[in-house]
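Some notes on the structure that comes next.
The values are calculated or read from the model by the stated rules, or taken from the named source; none is laboratory data. This structure is a prediction, so every number in the text was calculated from the model and none was measured. With ideal geometry, Cβ positions are generated from the backbone for all residues, glycine too; neighbour counts draw on all protein chains shown. Surface areas here come from the heavy atoms of the whole protein model, side chains and all, with no ligands, DNA or RNA. Shrake-Rupley method; radii C 1.70, N 1.55, O 1.52, S 1.80 Å.
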Amino acid sequence: WYDVFLLADGVTSLVIGDVVGHDLHAAAHMAEVRNMLRALAWDRQEPPSAIMRRLDDAMTHTSDAPMATAVFARIEGSEGGPWELHWVNAGHPPPLLITADGQARYLEEGHGPLLGMSSTLHLGLEWPDAREPLPEGSTVLFYAYGLVESRGRPIDAGLETLRRRAAELVDRDVEDFLDELLTHIDPSGDDVALLALRIPPRGAGEGEADVSAPQRAHSPAAPA
């Protein structure tokens, strides 16, 4: 599943995830996990790592949902920028950052265990927070395993193909970028989902605000 929604502190959040299984039960569990994550993220402004830890507990103690992977990210910054990605990764493929000049790299930080494993097995594992500045005009791509992995292609080869193709197509608008990416990669699996974020120019959305006076952004979800 993928999701985008505003939080109580005005921050935009993005989620992409995958629940173990391929049947109707898996689809129902996917909706359940999606809604739990929405509720937990809205309830308290906390770092993504804390949200993921509470989701893992909720899945264990209030649900029979199986294990799941997910990336949960906040887009933080002052009105009009600059912005940064504040995220955590629970066993999901890493987000891909493509700058406006066509440089593409995977954001490998923030990795932790799959959801539904740590609390169940009393492992005490953690999900580390990660942050990355988002240059204007850059694109962040979130995706599911089906885009980069198949029976006839190892995941490393799929990741390299995605990185190369995304860099070549970054000058397209977001809709064309996603459409052409799917056409070039031509995935054959069923777990295929893409979610792209395009960073606007610095100052976009400030309206009549005085942009000459720099402001220091404060995030209530920053670690204590």
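When residues of region 158-189 are filtered for being open to solvent by less than 80 Å² (accessible area, probe 1.4 Å) and of a type in the set (S, T, Y), how many remain?
Residues meeting the conditions: 1.
Out of (1) modelled with pLDDT under 95; (2) among the aliphatic types (A, V, I, L, M); (3) under 13 Å from the mean Cα position of the chain (by Cα), what's the single condition that is false for M36?
M36 satisfies every listed condition except (3).
Of the numbered conditions (1) of a type in the set (A, V, I, L, M, F, W, C); (2) closer than 17 Å to Y145 by Cβ; (3) modelled with pLDDT of 85 or more, A27 fails exactly one; give the number of that condition.
(3)
When the residues of region 136-157 are filtered to those that are outside any loop (DSSP other than H, G, I, E, B) and within 19 Å of L14 (Cβ to Cβ), which remaining residue is most open to solvent (accessible area, probe 1.4 Å)?
Taking region 136-157 as the starting set, the residues that turn out to be outside any loop (DSSP other than H, G, I, E, B) are 139-143, 145-147, 150, 153, 155-157.
If we keep only those that are within 19 Å of L14 (Cβ to Cβ) too, we end up with 139-143, 145-147.
Working: T139: 0, V140: 0, L141: 0, F142: 4, Y143: 2, Y145: 69, G146: 8, L147: 1 Å².
Top of the filtered list is Y145.
Here are L96, L141, L115, L134: which of them is among the hydrophobic types (A, V, I, L, M, F, W, C), under 20 Å from A204 (Cα atoms) and in contact (Cβ under 8 Å) with a residue 12 or more places away in the chain? Let's see the steps before the verdict.
Values: L96 fails: under 20 Å from A204 (Cα atoms); L141 fails: under 20 Å from A204 (Cα atoms); L115 fails: under 20 Å from A204 (Cα atoms).
Testing whether each residue is among the hydrophobic types (A, V, I, L, M, F, W, C), under 20 Å from A204 (Cα atoms) and in contact (Cβ under 8 Å) with a residue 12 or more places away in the chain leaves just L134.
Just to be sure I understand, how many residues within region 1-27 are without any contact (Cβ under 8 Å) to a residue 12 or more places away in the chain and either exposed (fewer than 13 other Cβ atoms within 10 Å of the Cβ) or polar (S, T, N, Q) (or both)?
Quick first cut of region 1-27, residues without any contact (Cβ under 8 Å) to a residue 12 or more places away in the chain only: 6, 10, 23-25, 27.
Cutting the leftovers down to either exposed (fewer than 13 other Cβ atoms within 10 Å of the Cβ) or polar (S, T, N, Q) (or both) gives us 6, 10, 23-24.
Looking only at that region, the number is 4.
Anything in region 54-76 that is farther than 14 Å from D129 by Cβ, of a type in the set (G, A, S) and surrounded by 19 or more Cβ atoms within 10 Å (Cβ to Cβ)? List them, or say none.
Passing the criteria: A58, A65, A68, A70.
For region 165-188, indicate whether the set of residues that are modelled with pLDDT of 90 or more, touching a His at 6+ places or on another chain (Cβ under 7 Å) and not aromatic (F, W, Y) is non-empty. Before you say what the answer is, go through the steps one by one.
Within region 165-188, the first condition is being modelled with pLDDT of 90 or more, and the residues that meet it are 165-183.
Filter once more, so that each one left must be touching a His at 6+ places or on another chain (Cβ under 7 Å): 165.
Among the residues that remain, those that are also not aromatic (F, W, Y) are: 165.
Yes, the conditions are met somewhere in region 165-188.
Kindly evaluate S138 against the criterion of being of a type in the set (S, T, N, Q) and at pLDDT 95 or above.
Working: of a type in the set (S, T, N, Q): yes; at pLDDT 95 or above: yes.
In short, yes.
State all residues of region 77-91 that are closer than 29 Å to M117 by Cα and either touching a helix residue (DSSP H, G or I) at 6+ places or on another chain (Cβ under 7 Å) or of a type in the set (S, T, Y) (or both); if no residue qualifies, say none.
H86, W87, V88, A90
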